[in-house]
């Protein structure tokens, strides 16, 4: 059976999904930390809901498109946080949906706040082979109906913040459960562990300007270590602009506007640095967050405004 050229690209993406990094790529992780660390849930006195939309490898047919929703809030009398996360990621014929609940516990430690969190729920993978563009219809090697598999998913994280410094560690997809849709794509395939290490600090330059450098390290067994280096400059905690470098992949520009104290809109554009730049115009990401400020906790630590969400 002859297959269109882009089908090779689809197979390449499926291989990456099965054996490379499976979690979606994010540029604006610093404004939505609960996506990469469940310990961040409810870590301030704000209840926050966030919507995010991202397109990766713009210019490719079947390029990855990610939509996320999360909500988290503290229960201050109990020193805990609770949250909900839904991530819908579509790539060519492959669609994954990850829905989890988050619980975190916060305690005073070494003059700051130490948070411990867990994340648990389900991970669904759905493949629709009939969306492939082929020259011969009705090939029995391809399933005639979409195939789907749902497996349990558990993750954990730790997050520490003191004054304007923060650092976090998280490990995702602890259960090694095989996908069970009984197709060639599920043969021995499962969710692989993903490890994230985040660190940053907010420096006050004067009464108008703040500067926030941070770093995210991402690692999955069998894949190369990847770093994101980011620097944001803020004016009166209202406007922010920054630049990000992702090793071996992209250079991103980030723009953030606090329309109201509790309403934030952020946009980023990634310029591809790899050989894919010949075919892709990059990636774009849009984030909208809305927060409700709650009464201060019984023991209030000195936390920079950047932390509220």
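Derivation of every value follows stated rules applied to the coordinates shown; laboratory data play no part. As the structure is a computational prediction, the values presented were derived from the model and not from experiment. A quick note on method: Cβ atoms are made from the backbone with ideal geometry, for glycine too, and the neighbour counts reach across all protein chains shown.
In region 150-261, what is the volume of the convex hull around the alpha carbon atoms, normalised per residue and reported in Å³? Intermediate values should be presented prior to the final figure.
Values: hull volume 17.4 nm³, N = 112.
In region 150-261, the Cα hull volume divided by residue count equals 156 Å³.
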Worksheet item: Thinking of region 15-125 as a set of Cα atoms, what percent of all their pairs are more than 17 Å apart?
Response: 57
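Please compute the Kirkwood hydrodynamic radius over region 50-115, one decimal place, Å, based on all pairs of different Cα atoms. Mind dumping the intermediate values first?
Values: mean 1/r = 0.0703 Å⁻¹.
With all distinct Cα pairs of region 50-115 included, I get 14.2 Å.
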Discussion item. Order these by the 10 Å Cβ neighbour count, fewest first: 195, 127.
Written reply: 195, 127
Practice prompt. Give me 171, 261, 212 ranked fewest to most by other Cβ atoms within 10 Å of their Cβ, as a rough exposure proxy.
Written response: 261, 171, 212
